[in-house]
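S.K.: Sending over a structure as structure tokens; questions will come in a sec.
The values are calculated or read from the model by the stated rules, or taken from the named source; none is laboratory data. On a predicted model such as this, the values are computed, not experimentally measured, just so you know. Glycine gets a Cβ as well: all are built from the backbone with ideal geometry, and neighbour counts include every protein chain shown.
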Amino acid sequence: MTFKPIPRLGAVVLGACMLTASVSASAQPVAYTRVLPGAAVTFSATQMGVPMHGRFKTVAAQVDFEPGDLVKSHLSVSVQVASVDAGSAQTNALLTGADWLAAKVDPQARFVSSGFTADGPGRYWLSGTLSIKGHSQPLKVLVTTHPAGSALAMDASFTLNRSSFALGAGSWSDTSVVAAAIPVAVHLTVAPQ
């Protein structure tokens, strides 16, 4: 007894193999490693009950974020503290001076992550160390993510206790003049390599 090949069966098997290969390729974890322009670190402070807002014009970040493999994920953000812009040259000069950010002594404020933990779709707790003006403190922040075209937007906000970093020394140390709580927001847009 002889069997004749069935052409359609061969085509179906080949098509199934190609589909499986395609699905496997698309299931590869995405790694977001390229930081796009527009990284932002902003802050606000309250002096004698009056809010003040500012930002850092020079922000650098290194990101290797794999939502499917958080163990491999890490992130660091640094700002040139001399790039602070709080709305006036006088305020900027005060903030970069020795009592506040001490830009000449320690020109960068830095955050370096130690780990990500998932907290639901598009939400991650990020642990790490924040260093400002020669002082370092552990920091845990909630990062939210959402698609931005083929890229991913990452946003985090936290409240910094300025006293923990000796921000506002001398006569500025009185927290009834400038509140101890400094809200900070960070925005990054990252893309696959």
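S.K.: As an exercise: evaluate Ala153 against (1) under 18 Å from Val41 (Cβ atoms); (2) assigned to a loop (DSSP other than H, G, I, E, B); (3) small (Gly, Ala, Ser); (4) under 18 Å from the mean Cα position of the chain (by Cα) and give the number of the one condition it does not meet.
M.R.: In the conditions (1) under 18 Å from Val41 (Cβ atoms); (2) assigned to a loop (DSSP other than H, G, I, E, B); (3) small (Gly, Ala, Ser); (4) under 18 Å from the mean Cα position of the chain (by Cα), Ala153 misses (2) alone.
S.K.: For Leu167, all conditions in the list (1) in contact with a Lys or Arg (Cβ under 8 Å, 6 or more places away or on another chain); (2) part of a strand (DSSP E or B); (3) among the hydrophobic types (A, V, I, L, M, F, W, C) hold save one; what is the number of the exception?
M.R.: (2)
S.K.: For the range 119-136, does any single residue satisfy the condition of being touching a residue at least 60 places away in the same chain (Cβ under 8 Å) and polar (S, T, N, Q)?
M.R.: Within the range 119-136, none of the residues are touching a residue at least 60 places away in the same chain (Cβ under 8 Å) and polar (S, T, N, Q).
S.K.: Specify which of the listed residues (Leu160, Leu167) is surrounded by 17 or more Cβ atoms within 10 Å (Cβ to Cβ), more than 20 Å from the chain's Cα centre (by Cα) and touching a residue at least 40 places away in the same chain (Cβ under 8 Å).
M.R.: Unique residue meeting the criteria: Leu167.
S.K.: Can you find, within the range 63-96, the residue that is surrounded by the fewest Cβ atoms within 10 Å (Cβ to Cβ) among those that are of a type in the set (Ser, Thr, Tyr) and in a loop (DSSP other than H, G, I, E, B)? Walk me through how you get there before you give the answer.
M.R.: Applying the first criterion (of a type in the set (Ser, Thr, Tyr)) to the range 63-96 yields 73, 76, 78, 83, 88, 91, 96.
With the extra rule that they be in a loop (DSSP other than H, G, I, E, B), the set shrinks to 73, 88.
Details: Ser73: 19, Ser88: 10.
Across the range 63-96, the extreme among qualifying residues is Ser88.
S.K.: With the structure loaded, tell me whether Ala109 is more than 20 Å from Lys72 (Cβ to Cβ) and either at pLDDT 95 or above or of a type in the set (S, T, N, Q) (or both) or whether it fails that test.
M.R.: yes
S.K.: Quick check: is even one residue across the range 16-34 under 30 Å from Gly122 (Cα atoms), assigned to a strand (DSSP E or B), modelled with pLDDT of 90 or more and not aromatic (Phe, Trp, Tyr)?
M.R.: We begin by selecting, within the range 16-34, every residue under 30 Å from Gly122 (Cα atoms); these are 19-34.
Within this subset, residues satisfying the condition of being assigned to a strand (DSSP E or B) are 32-34.
Then drop every residue that is not modelled with pLDDT of 90 or more, which leaves 32-34.
So of that shortlist, the ones also not aromatic (Phe, Trp, Tyr) come out as 33-34.
Yes: the range 16-34 contains one or more residues that are under 30 Å from Gly122 (Cα atoms), assigned to a strand (DSSP E or B), modelled with pLDDT of 90 or more and not aromatic (Phe, Trp, Tyr).
S.K.: Residue check, Lys104 against (1) of a type outside the set (A, V, I, L, M); (2) part of a loop (DSSP other than H, G, I, E, B); (3) at negative phi; (4) in contact (Cβ under 8 Å) with a residue 24 or more places away in the chain, all met but one. Which one?
M.R.: (4)
S.K.: Still on this structure, I have one more. Under 6 Å between Cβ atoms, which residue pairs at least 6 apart in sequence (or on different chains) link something in the range 77-93 that is more than 14 Å from His53 (Cα to Cα) with a partner that is of a type in the set (Gly, Ala, Ser) and modelled with pLDDT of 95 or more?
M.R.: Filtered contacts from the range 77-93: Val77/Ala61; Ser78/Ala60; Val79/Ala109; Val81/Ala103; Val81/Ala109; Ala82/Ala103.
S.K.: On the given criteria, is His146 in contact with a helix residue (DSSP H, G or I) (Cβ under 9 Å, 6 or more places away or on another chain) and either of a type outside the set (Phe, Trp, Tyr) or surrounded by fewer than 19 Cβ atoms within 10 Å (Cβ to Cβ) (or both)?
M.R.: Values: in contact with a helix residue (DSSP H, G or I) (Cβ under 9 Å, 6 or more places away or on another chain): no; either of a type outside the set (Phe, Trp, Tyr) or surrounded by fewer than 19 Cβ atoms within 10 Å (Cβ to Cβ) (or both): yes.
So His146 does not fit the description; no.
S.K.: Here's a follow-up. Condition first: part of a strand (DSSP E or B) and among the hydrophobic types (A, V, I, L, M, F, W, C). Now tell me which residues in the range 35-62 satisfy that. Reasoning before the result, please.
M.R.: Within the range 35-62, the first condition is being part of a strand (DSSP E or B), and the residues that meet it are 35, 40-47, 50-56, 59-62.
Val35, Ala40, Val41, Phe43, Ala45, Val50, Met52, Phe56, Val59, Ala60, Ala61 - these are the residues of the range 35-62 that are part of a strand (DSSP E or B) and among the hydrophobic types (A, V, I, L, M, F, W, C).
S.K.: Further question: Does Ala40 satisfy the condition of being at negative phi and in contact with a His (Cβ under 7 Å, 6 or more places away or on another chain)? Outline the logic, then answer.
M.R.: On the way: at negative phi: yes; in contact with a His (Cβ under 7 Å, 6 or more places away or on another chain): yes.
When the stated conditions are applied, Ala40 passes them.
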